[in-house]
Every structure is written in structure tokens, then in C-alpha cells.
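Below is one structure, written out as C-alpha cells, with a few remarks after it.
The values are calculated or read from the model by the stated rules, or taken from the named source; none is laboratory data. For clarity, every value in this text was computed on a predicted model and none was experimentally measured. Positions of Cβ are generated from backbone atoms using ideal geometry, with glycine treated the same way; all protein chains shown enter the neighbour counts. Quick note on the areas: whole protein, heavy atoms, side chains included, nothing else; ligands and nucleic acids left out. Shrake-Rupley method; radii C 1.70, N 1.55, O 1.52, S 1.80 Å.
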Amino acid sequence: MSETPLYQPLGGNDMPRFGGIATMMRLPHVASSAELDACFVGVPFDLGTSNRSGTRFGPRQMRTESVLLRPYNMATRAAPFDALRIADLGDVAINPYNLLDSIRLIETAYDSIVASGCRPISLGGDHTIALPILRALHRKYGKIGLIHVDAHADVNDTMFGEKIAHGTPFRRAVEEGLLDCQRVVQIGLRGTGYTAEDFDWCRDQGFKVVQVEECWNKSLAPLMEEVRARLAGGPVYLSFDIDGIDPAYAPGTGTPEIAGLTVPQALEIIRGAWGLDIVGADLVEVSPPYDPVGTTALLGANLAYEMLCVLPGVPRR
């Protein structure tokens, strides 16, 4: 690792939390991932949404709410800034008039990030962005294991005849050979469907599907022990749709579904990924227009920080 000093979040006693430039955790904004171990990167994209748009504003709002975050995780004792060089790369400049061109731009940006060895934590944006990110990761790491937290399976074949949208990324990822299907776990799936077999396609591919009813009224720590055993031994991507959490806690999203995961369960899932070879992660589908108070974005920022805390190389004090 470079001898350049490690970056640190700007402290609340150095600049009031309502002041300064809005970067994730008030980290430095840098132009290149070349000397970074991990980074936050925004993807302000909502061209793939099917119901309520607005996730293009998610990265900016999560950065704004992240001013309350401090360097040390007092629950897990994780100290990411003591060992890794971490900064905010800013946003991918997508094409707001063209979905497919935006996918190309995202993929190109992540090719550069991943090639440098940096592990990206992405602030979405709708869930379409997982596909170009997985393409870039696959070119470096080969087939990827996946922890996917969501109310929806996102394995539609098409949406309004389109192959690429926020409800299709993981079917495309399977078809393109990006995923190690025996090392894929989906947690929190629920709601109504079009057929009784809507989640069975996932099971047929070899995914472990944990519908939300299996999660009610219990700790998910035992589940994550199983997940770690299943996904060990290879690269893993963590993709977290904020609508996996119950809309009572996260109303600011485009496709809310009742009876979702709780916030402590979300923390158990992410913290339970400790020890896996996490090569990247995303927090997607935060739509600030539907939560003007900012609760959803605050939650998203905290979950993105928790993802940082489980990256390889993060010490626990």
C-alpha cells in the first residue's frame, strides 16, 4: 500500500456538520481510484425505474446525511480508516437522455475503478446499475458470488419489452455468466407477484432464496452463518436495495412493499458478511422526493458505511 497518509473523515470539531462540501462522510473528493483501497462513488441514475422516479437524487442526499457518521464502528469495533485509503470519487456522469449509453458509461467508469484494485461502494441510483458494475467486476475477478437484499428478485426477462431495467439486472447477469449461481443468496423477497412461480426461476438457477416470512421476528445472525459458509472461497458482491427494508423505516423509495426487514436485521446481514471477500457493494433505490425528512437517505448512508466496515483488510480494535 502507498506510504501516502491515510485519508480521514472531516471531524465535527473541525467544521460544523452543516458546513463544508457534501462528500460521503466528508472524505476528500479525489479524481482517481489509482491509489485507493476502497471508494465511495455515486451513480445518479433512475432511467430504469418502473414506478416512482427520483433515485437520481439518492447519492447527493445520502452524502448530505452522512455528515453524522464518525470513523469508528462502536458495535463491531471496525476501524476502516486506520488501515485502508478511502475517498469519495464523486459521481459517474451518466447520460440522462439514454439508458443504454448510461449503462456503457457506468461500465467504463467501473472498469477503471476495478482495474486499479479499488473496491467500490456505490450510492445509487436504481438497481439497473448493478449490471454494469458486475460486468466490470467479472472482468477482474471472474464469476462473482452475490448477497442480494431486496423486496424484489429483479430477474424479470423484460419490462415493457426492455431487457435492461431495474427489474432485470440479475437475470441478465446470469445469462452473461457473471454470477456463480451456487454462491448467490437473495434475502427479503416478498409482496405480490404475477404468477405463483415468480421466485422459482431464482431457485432453478441455484440461488438460495430467503423470503421475508422466514425472517420475521428473529435474528438473522444464524442465517448469515449459513451465508458465509455458502459464499466463502471466492469474490462476493453485496447489493442492497433499500426497499428490502420495511417502508415504515425507509419510505423514500420507488417500489415500497409492506412487511419488510427491520433496520437491526439489515445491520445483521451486512455485519454478517464479515470475513467474505467483498469486492464491491451498492446501496440503491433511495428516492429522496418520497422522504423529504431524509430518514431513508440517513439509513442508506449508515448501511453504506457498514459495508465499508466489512471489506477485507479492515481491522477491528
Give the residues of the stretch 195-232 that are in a helix (DSSP H, G or I) and of a type in the set (S, T, Y), sorted by residue number. none
Under 8 Å by Cβ, and 6 or more places apart or on different chains, what pairs join a residue from the stretch 238-264 that is closer than 14 Å to Q211 by Cα with one that is of a type in the set (A, V, I, L, M, F, W, C) and open to solvent by 10 Å² or more (accessible area, probe 1.4 Å)? I245/V263; I245/L299; D246/I258; D246/A259; A259/W216
Any idea which of (1) open to solvent by 40 Å² or more (accessible area, probe 1.4 Å); (2) farther than 22 Å from C118 by Cβ; (3) at pLDDT 95 or above is the one G275 doesn't satisfy? (2)
So which residues in the stretch 52-93 are on the phi > 0 side of the Ramachandran plot and either at pLDDT below 95 or buried (at least 18 other Cβ atoms within 10 Å of the Cβ) (or both), if there are any at all? G54
Which number in (1) touching a residue at least 12 places away in the same chain (Cβ under 8 Å); (2) more than 30 Å from Y290 (Cα to Cα); (3) among the hydroxyl-bearing types (S, T, Y) marks the one condition that S50 misses? (2)
So for the stretch 279-289 (the condition being at pLDDT 95 or above, part of a loop (DSSP other than H, G, I, E, B) and surrounded by fewer than 24 Cβ atoms within 10 Å (Cβ to Cβ)), does at least one residue qualify? no
Among what's in the stretch 188-237 and is under 20 Å from T255 (Cα atoms) and among the aromatic types (F, W, Y), pick the residue that is most open to solvent (accessible area, probe 1.4 Å). Y194
Let me confirm something: among F57, F40, F45, which residue is farther than 18 Å from P9 by Cβ and in contact with a Leu (Cβ under 9 Å, 6 or more places away or on another chain)? F45
I'd like the full set of residues that are open to solvent by 30 Å² or more (accessible area, probe 1.4 Å) and closer than 22 Å to R52 by Cβ, limited to the stretch 134-162. H152, N156, T158, M159, F160, G161, E162
Inspect all residues belonging to the stretch 4-26 and state whether any of them is modelled with pLDDT of 95 or more, out of contact with any Phe, Trp or Tyr (no Cβ under 7 Å at 6 or more places or on another chain) and open to solvent by 70 Å² or more (accessible area, probe 1.4 Å). no
Restricting attention to the stretch 257-264, does a residue exist that is in a helix (DSSP H, G or I) and at pLDDT 95 or above? yes
Residues of the stretch 94-109 that turn out to be open to solvent by less than 20 Å² (accessible area, probe 1.4 Å) and either touching a Lys or Arg at 6+ places or on another chain (Cβ under 7 Å) or without any contact (Cβ under 8 Å) to a residue 60 or more places away in the chain (or both), as a count: 1
Filter result for G117 (more than 21 Å from Q205 (Cα to Cα), in contact with a Gly (Cβ under 8 Å, 6 or more places away or on another chain) and either open to solvent by 10 Å² or more (accessible area, probe 1.4 Å) or touching a residue at least 24 places away in the same chain (Cβ under 8 Å) (or both)): no
The stretch 16-31 residues that are at negative phi and free of Cβ contacts under 8 Å to residues at least 60 places away in the same chain, paired with ones that are open to solvent by less than 20 Å² (accessible area, probe 1.4 Å) and not in a loop (DSSP other than H, G, I, E, B) (beta carbon under 9 Å, 6 or more apart): R17/R26; A22/R63; A22/S66; V30/C39; V30/A87; V30/D88; V30/G90; A31/G90
